[in-house]
1. Can you run down the residue pairs with Cβ atoms below 7 Å, 6 or more apart or on separate chains, where the first is in the range 49-70 and on the phi > 0 side of the Ramachandran plot and touching a residue at least 60 places away in the same chain (Cβ under 8 Å) and the partner is surrounded by 11 or more Cβ atoms within 10 Å (Cβ to Cβ) and in a loop (DSSP other than H, G, I, E, B)?
2. Considering only residues that are crowded, with 21+ Cβ neighbours inside 10 Å, closer than 18 Å to ALA152 by Cβ and either modelled with pLDDT under 90 or among the charged types (D, E, K, R) (or both), which ones fall in the range 193-248?
3. State yes or no: is ALA122 free of Cβ contacts under 8 Å to residues at least 12 places away in the same chain, under 15 Å from PRO227 (Cβ atoms) and assigned to a helix (DSSP H, G or I)?
4. Any idea which of CYS74, CYS139 is buried (at least 16 other Cβ atoms within 10 Å of the Cβ), within 16 Å of the ligand (Cβ to nearest atom), farther than 21 Å from ILE218 by Cα and more than 16 Å from the chain's Cα centre (by Cα)?
5. Please indicate, with yes or no, whether at least one residue in the range 171-183 is crowded, with 21+ Cβ neighbours inside 10 Å and of a type in the set (A, V, I, L, M, F, W, C).
6. State all residues of the range 159-177 that are at pLDDT 80 or above and farther than 24 Å from GLU238 by Cβ; if no residue qualifies, say none.
7. Going by the conditions given, is ARG91 of a type outside the set (A, V, I, L, M), modelled with pLDDT of 90 or more and either more than 14 Å from the ligand (Cβ to nearest atom) or part of a loop (DSSP other than H, G, I, E, B) (or both)?
Amino acid sequence: MPTSSGKSRRKAVESIGSEDLDIPIARPERTGPELALPDWALELPRKRTACPICKGAGYLVKVAPDGSSDLVPCRCKLRELQESDYQELQRLSNLEPFADKTFETFDPDVPGVAEAYQAARAYAENPSGWLFLTGNYGCGKTHLAAAIANEAVRRHIKTLFTIVPDLLDHLRSAYAPTSPVRFDQRIEAVRTVYLLILDDLGTENASPWAGEKLYQIINYRYNYRLPTVITTNRDLDEIEPRIRSRICDRHLCRHILIRAEDYRRKAR
Ligand SMILES: [Zn+2]
């Protein structure tokens, strides 16, 4: 005599189209079309139940002519991975503390900032090539760099604003075995983002490891001519020679010296 739990068990079994089976299956009861996936694939987290291709499993089984099978990500899973890459970038981009640093809040009338202001504005509208902003501490270059980033993000351009010492800390933490993000994933995100803004180059505590990573990022962006903004309060000859030689390519990189003595004191 079937108990009610026996009934629901049978119903679960029927719903997957295996009427002959009468063994409990450790799987939530489901209805709907026939499944094309083996049990071991269905044990994956089933968050995306709406996907009509994989029924939410995120993966599909691809069977080769020799009968061997492989698990491949579904289109919905690939989209999810892209989104998480972008979320990772947003998390890394760290623009929230600089949300008020926009062109609207920058005072272009402070003596010495006009050229940099105009160049930064034009750059934000159409980022291409490199922009190298130099000037003393407090001359407004971080404000302009953040304003470029805020404007680019407003235009839906994939942008990463990062203070160089913080960037190296992030990379170091991704190197730790407990990190949820793999180091090569993180460095790839930084290298390949469309617009990269490196604030305060030259203030990092450049261990040989950090110096090498920073050089690799900058060299990659140089080789692929990816839009990049760099600010520093150092003299050019204080910058690591390999990085300096990239910055000194005047075909790619526009240099602007901000002569304002103390933008922050003079701006209102
Ligand atoms: Zn899918």
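The values are calculated or read from the model by the stated rules, or taken from the named source; none is laboratory data. All of these numbers come straight from a predicted model, not from anything done at the bench. Here Cβ is always computed from backbone atoms with ideal geometry, including for glycine, and neighbour counts include all displayed protein chains.
1. none
2. VAL193, ASP199, ARG221
3. When the stated conditions are applied, ALA122 passes them.
4. CYS74
5. There is no residue in the range 171-183 that is crowded, with 21+ Cβ neighbours inside 10 Å and of a type in the set (A, V, I, L, M, F, W, C).
6. THR159, LEU160
7. Considered against the rule, which asks whether it is of a type outside the set (A, V, I, L, M), modelled with pLDDT of 90 or more and either more than 14 Å from the ligand (Cβ to nearest atom) or part of a loop (DSSP other than H, G, I, E, B) (or both), ARG91 comes out as no.
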